[in-house]
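First comes the structure, then the notes that go with it.
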Amino acid sequence: MSWAGGTFGAHGRCVLAPNANMMTLDGTNTWVLRAPDAPDCVVIDPGPPDESHLAAIEACHSVAGDESYILKVRVASPVGLENLLQEIRALANVSTRTTIVLSTPYENRPPDL
């Protein structure tokens, strides 16, 4: 039986890259991990650095409710968004739901002290 990636416990997910060969066996494993109650996740990618994979992703938020994570992304065009969504769906084997921000009247509110 070959490994296909997937959920690993409550706080991890493995994405299997489609690069199977003698050196990677079934493919390179990229891990997305989040500590309990942590607001951010960590991506561990043992493959060669490829900035284009994460360049469009500005933030990753773990949330309660129907979605597990919300990604804040910035792309140049609707076509760029569709390409990024296709890549996420293929690499992470997930479905996506898209919401577009039309304007941001307020951002970066300082915390109450």
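What follows is calculated from the coordinates using simple rules that are stated; it is not laboratory data. Just so it is clear, the model here is predicted, and its values are computed rather than measured. Here the Cβ is made from the backbone with ideal geometry for all residues, glycine too, and neighbour counts use every protein chain on show.
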Q: For residues that are within 29 Å of residue 10 (Cβ to Cβ) and either among the acidic types (Asp, Glu) or in contact with a Cys (Cβ under 7 Å, 6 or more places away or on another chain) (or both), tally how many sit in the range 68-95.
A: 3
Q. Does any residue in the range 7-21 that is more than 13 Å from residue 91 (Cα to Cα) come within less than 7 Å, Cβ to Cβ, of a residue that is surrounded by fewer than 13 Cβ atoms within 10 Å (Cβ to Cβ) and hydrophobic (A, V, I, L, M, F, W, C) six or more places away or on a different chain, and which pairs are these?
A. 11/35
Q.
Please go through the range 62-94 and give me each residue that is among the charged types (D, E, K, R) and either within 11 Å of the chain's Cα centre (by Cα) or not in a loop (DSSP other than H, G, I, E, B) (or both), ordered by number.
A. 72, 82, 87, 89
Q) Taking the range 60-113 only, how many residues are at negative phi and surrounded by 10 or more Cβ atoms within 10 Å (Cβ to Cβ)? A) 28
Q: May I ask you to list the residues in the range 62-91 that are within 18 Å of residue 33 (Cα to Cα) and in contact with a Leu (Cβ under 8 Å, 6 or more places away or on another chain)?
A: 88
Q: Hey, can you tell me all the residues within the range 75-86 that are farther than 16 Å from residue 59 by Cα and without any contact (Cβ under 8 Å) to a residue 24 or more places away in the chain?
A: 76, 77, 78, 79, 82, 83, 86
